[in-house]
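Below you'll find the structure, written out as structure tokens, and then a few comments.
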Amino acid sequence: MKNRLYAFLMVAMMLFAPIGVSTYALSASTSPLDDMSSESSTTFDLPGDAVIQLPDPIFEAAVREEIGKPTGDIMASDVAGISTLLLEYIGIVNLTGIEYFTALEVLVCSSNQLTTLDISHNTALK
């Protein structure tokens with residue numbers, strides 16, 4: 001039931017909401033959105049017990065809600081299996097850490113305050 005609700009919300013958002021991420025972010029070529037700071041040099045092949053950092057507090061809160069972990073370290077294994085993230089209209093400024101969501105197939109992050117988005121490591125995105 002939850003998957004059907006996510007699918008319905010995703011379709012509704014794509015039809016009725018303005019798209020907040022440039023199509024450049026979805027291409028494999030280099031674009032202005034790929035201009036990340038030194039954070040882009042992070043290694044992504046982390047063991048499941050590695051602690052990951054999510055510098056944006058709103059993004060971190062959304063992830064904590066998704067994984068059901070209100071406190072404590074967020075581990076690579078906590079996010080590795082997440083396939084859908086619905087993050088629209090919540091005021092996120094920075095999605096650093098999204099690269100650790102290795103199973104991510106659907107990312108909806110329109111209508112936030114993002115200026116960069118590197119999804120080059122999210123190879124499962126559809």
Legend entry - Average accessible surface area per residue within the range 52-126, 1.4 Å rolling probe, Å²: 47
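For the range 43-126, which GluC sites (Glu not before Pro) pass both filters: DSSP loop (anything but H, G, I, E, B) and at most 13 other C-beta atoms within 10 Å?
Working: sites: 60, 65, 66, 88, 99, 105; in loops: 88, 105.
Passing sites in the range 43-126 are 105.
The values are calculated or read from the model by the stated rules, or taken from the named source; none is laboratory data. Note that this is a predicted model, so its numbers are computed, not measured. Every residue, glycine among them, receives a Cβ derived from its backbone with ideal geometry; neighbour counts consider all protein chains shown. We work out accessible area using only protein heavy atoms, side chains counted, and drop any ligands, DNA or RNA first. Shrake-Rupley method; radii C 1.70, N 1.55, O 1.52, S 1.80 Å.
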